[in-house]
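Quick notes on the structure that follows.
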Amino acid sequence: RSEVVAAEAVSYLNRAIAELRDIWEEIGICEEQRLERVCTVNMHIKNLLDMMVAEEEGLKERLLKNIALCRNELDTLCKELRLDPAEAEEGSTILQMEKNLRARVEVMLKQKRDRKQELKTLQEQDQDLCSILCTAPFSIDSNAVPSLEDLDRYRRHLASLTTEKEKRREEFVSRKRQIILLMEELDHTPDTSFQQEVVSEDEDAFCLSEDNIAALQHLLQQLEARRSLNEAVCAELRSRIVVLWERLQIPEEERVASA
């Protein structure tokens, strides 16, 4: 179709020059002046066409420059995203190649943004869990674009931490309940900062570290040992009282009343 339009342009140009010649002949312009006028027409046409060619050459250069820039950016993104290098297109026009490369760059830039955003979200979750469990954060380069495998490992790590947090939380709540009951039974007032943290109403403030969970178990065992000791002492005292009752021949009714 463009060839037909080009042929029409040439035909129009020939027809216009022929009409100009007729006009010049009717006017009576001599051949020398006609030649000057034709040269002027040729100069206008040449300048116009040269300008149009230059503009299109400029467009071609910009497209080729964009293609080179897109290829470089695509190579960089493939390395950052740890993907195989992008294959060069075969048989495409310059315009189509530039359009396709820009589209591929946009897709990869979105992948990069999505991965970085997910990494940020995972790190925020990790920070919360590490604060609760008093553990070290997951080791990953925050400045690099994480691979899909990195993100998957991170998700599984956080899932494991979440499970551990729930396990320790249940253990803490159960031990805390037992400790409070034992303290009430023993008429014991929390006398250390750790004991005060344990019986505090703000359960979320308690750090669920391994050391704290172990200290919690140790405190429970201490209180249970004190209760066992008290029970043993009470049993010994009761035994002595019974011996005294026997020696003094105290009647059963009085023993029951004393008990």
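The values are calculated or read from the model by the stated rules, or taken from the named source; none is laboratory data. Bear in mind that the values here come from a model prediction, so they are computed numbers and not experimental data. As a convention, Cβ positions derive from the backbone with ideal geometry for all residues, glycine included, and neighbour counts pool all protein chains shown. Side chains are part of the model used for accessible areas, which takes the heavy atoms of the whole protein and leaves out ligands, DNA and RNA. Shrake-Rupley method; radii C 1.70, N 1.55, O 1.52, S 1.80 Å.
The slack in the chain from Glu231 to Leu95, taken as 0.36 nm per residue of separation less the alpha-carbon distance, amounts to 39.7 nm. Accessible surface area normalised per residue over segment 92-244 is 64 Å², counting heavy atoms of protein chains with a 1.4 Å rolling probe. Considering only Ser92, Leu129, Asn66, the residue lying farthest towards the positive end of the dipole of segment 1-160 is Leu129, judged by Cα position with unit charges set on Cβ. With contacts taken as Cα pairs under 8 Å and at least 6 residues apart, segment 116-168 reaches a relative contact order of 48 percent. In terms of its C-alpha gyration tensor, segment 126-259 comes out prolate, because a/c is 1.5 or above and the ratio a/b outweighs b/c. Where (i) 59, 43, 37; (ii) 57, 47, 37; (iii) 165, 35, 30 are the candidate values, the label of the one calculated here for Cα extents along the principal axes in Å is (iii). Measuring against 26 Å, Cα to Cα, the residue pairs Lys110/Lys167; Lys120/Lys165; Lys99/Lys120 contain Lys110/Lys167; Lys99/Lys120 as the ones spanning a longer distance. Charging the Cβ of each Asp and Glu at -1 and of each Lys and Arg at +1, and nothing else, the dipole of segment 1-146 about its Cα centre rounds to 580 debye. Distance between the 7 Å Cα→Cβ label points at Ala103 and Ala159: 3.5 nm. Relative to the longest principal axis of the Cα atoms of the chain, helix 94-133 runs at roughly 10 degrees. Using Cα springs under 10 Å in a Gaussian network model of the chain, which residue among Glu149, Glu19, Glu231 shows the largest mean-square fluctuation? For the chain, modelled as a Gaussian network with Cα springs under 10 Å, the answer is Glu19.
Per residue, the chain reaches -29000 deg cm²/dmol at 222 nm when only DSSP H runs of four or more residues are counted, each adding -39500 (n - 2.57). Computed over the chain with a Gaussian network model linking Cα atoms closer than 10 Å, the most mobile of His44, His218, His157 is His44. For Gln127 and Met52, what is the calculated FRET efficiency with R₀ set at 51 Å and r taken between the beta-carbons, to the nearest 0.05? Once the sixth-power term is evaluated, E becomes 0.25.
Calculated FRET efficiency, Arg177 to Leu151, Cβ-Cβ distance, R0 = 35 Å: about 0.35 to the nearest 0.05. Distance between the 7 Å Cα→Cβ label points at Asp202 and Arg62: 6.2 nm. Looking only at Cys234, Cys30, Cys207, which one moves most when the chain is put into a Gaussian network model with springs between Cα atoms under 10 Å? Taking springs between Cα atoms under 10 Å, the residue moving most is Cys30. When you restrict to C-alpha pairs under 8 Å that are six or more residues apart and normalise by the size of segment 36-182, the relative contact order lands at 20 percent. Charge dipole (Cα centre; +1 on Lys/Arg Cβ, -1 on Asp/Glu Cβ; no other charges) of the chain amounts to roughly 340 debye.
What percentage of the solvent-accessible surface of the chain, computed with a 1.4 Å probe over protein heavy atoms, is contributed by carbon and sulfur atoms? The computed percentage sits at 53. If one takes the longest principal axis of the Cα atoms in the chain, at what angle in degrees, from 0 to 90 and to the nearest 10, does the Cα axis of helix 210-248 lie? Between the helix axis and the principal axis of the chain, the angle is about 10 degrees.
Between 0 and 90 degrees, the angle of helix 148-186 with respect to the longest Cα principal axis of the chain falls at about 20 degrees.
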